[in-house]
Amino acid sequence: MKVLKTISKLLLSIAVMLISASAWASEIKDARYNMPSGVTSVSREVYGLHMAAFWICVAIGVVVFGVMFYSLIMHRRSRHPEPAKFHQHVWLEITWAVIPLIILIVIAIPATMVLFKMDDTRNSDIVIKVTGYQWKWRYEYLNQGISFFSNLSTPMSQRMNLEPKGPHYLQEVDNPLVVPVGEKIRFLVTANDVIHSWWVPDFGIKQDAIPGFIHEAWAVVDKPGVYRGQCAELCGAGHGFMPIVVVAVSKEDFAKWVTKMTQGKVNAATMLPNKAWTKSELMQKGRQIYKENCAACHQTEGNGLKPLYPALAQDHVVLGPAADEIKLVLTGRPGTPMQDFSNFTDEEIASVVTYTRSSFGNNAHDIVQPADVAQIRKSLGLPEHT
Ligand SMILES: [Cu+2]
């Protein structure tokens, strides 16, 4: 009777499990539990190592637990009331030291070879400097003179649950990194404030971004597509809001993109420090910097978002002496959302300040040169940043 009850209970729980499993099945189908094998030779080798190590662990687990359960069952007390009383077994001990040693060596050799390969950044076709900021990434194409920030583009309304979440919630940006397929791209990874980490699983890259250090990584992407990653080093309140989006395109499309990005734009390679800039150069660069870094709060048209963010149109600071506005942008207003932008270069601050002073109906007429910013930076005791 008791046995029957147990069996019926067991059957019932299996039925419940099956029903719930089928309900979950559609979700499970799309879920990915393993790491991706990715789209670069390195990422595929890393995946291969991971799977090899995984199956070795499975085999070890089967053997170890097999011996354990065999011993538990076959040498249980009811069968052997008198325990064996042996001590030490030299050969057994040597065996269980040597076998793991061999396994470790077998795993270490291919792993070390992949590490060497990962480190070989020679003969690259394109060099991109990646800089982590709280909380965004900046990409600089060192040979093409292209430079931009990449910010999270998921609207606040989705983050506040006022709107349904999009398919790439918190994994989308305004300006993705664009790279060509089939070319060796060398990444120089660093940071400007705290430690971040540039992680793109499909490229097999997770490289620490540390202020004052430049770490290297490389990738040759085989397949055009959109690859997403994120910051992988807890870097403050916005850590979860600085995703990485890389768009890999054909070489021809990449060349077109480079032309589009450099056409009519001030070429970063020619931005010499202390060079006197013309107003139109400053305005052009300033518009871009404003759009990427200020417009989220002060709005594209400079009319702000009352009562949270003041308008910059007809604002007394913007219309006041240029030195005061430079100071404000360099130091921010502690305790308010107006952060300090001291990690921007002198050129960037000069252009964004010039832009605000002559846009949105503001008519300050003056322009600000990088040298002015450098001077104020110095008077505030901030480190140089050209
Ligand atoms: Cu970060």
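The values are calculated or read from the model by the stated rules, or taken from the named source; none is laboratory data. Because the structure is predicted, anything quoted here is derived from the model rather than measured. Cβ atoms come from the backbone with ideal geometry, glycine included; neighbour counts cover every protein chain shown.
Here are the numbers:
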{"quantity": "Tabulated pairs, the stretch 132-150, first part of a loop (DSSP other than H, G, I, E, B), second among the polar types (S, T, N, Q), C-beta under 6 angstrom, 6+ apart or interchain", "calculated": "GLY145/ASN267"}
{"quantity": "In the stretch 331-356, the residues that are touching an Asp or Glu at 6+ places or on another chain (Cβ under 6 Å) and either within 15 Å of GLN375 (Cα to Cα) or in a helix (DSSP H, G or I) (or both)", "calculated": "THR331, VAL353"}
{"quantity": "Test: SER359 is surrounded by fewer than 23 Cβ atoms within 10 Å (Cβ to Cβ), part of a loop (DSSP other than H, G, I, E, B) and either in contact with a Pro (Cβ under 9 Å, 6 or more places away or on another chain) or not assigned by TED's automatic domain parsing to the domain that holds ASP372 (or both)", "calculated": "no"}
{"quantity": "Search result, residues across the stretch 363-381 that are buried (at least 17 other Cβ atoms within 10 Å of the Cβ) and closer than 25 Å to PHE148 by Cβ", "calculated": "ILE367, VAL368, GLN369, PRO370, ASP372, VAL373, ALA374, ARG377"}
{"quantity": "Out of GLN144, GLN134, sole residue that is outside the structural domain of GLY286 (by TED's automatic domain parsing), buried (at least 18 other Cβ atoms within 10 Å of the Cβ) and within 16 Å of the ligand (Cβ to nearest atom)", "calculated": "GLN134"}
{"quantity": "Breaking point among (1) over 32 Å from the mean Cα position of the chain (by Cα); (2) part of a helix (DSSP H, G or I); (3) in contact (Cβ under 8 Å) with a residue 24 or more places away in the chain, for VAL317", "calculated": "(3)"}
{"quantity": "Boolean, THR354 is under 34 Å from the mean Cα position of the chain (by Cα), under 13 Å from TRP277 (Cβ atoms) and buried (at least 20 other Cβ atoms within 10 Å of the Cβ)", "calculated": "yes"}
{"quantity": "Evaluation of ALA276 against (1) modelled with pLDDT under 95; (2) within 12 Å of the ligand (Cβ to nearest atom) (one fails), failing number", "calculated": "(2)"}
{"quantity": "Options GLU292, GLU325; residue that is more than 25 Å from SER379 (Cα to Cα) and crowded, with 17+ Cβ neighbours inside 10 Å", "calculated": "GLU292"}
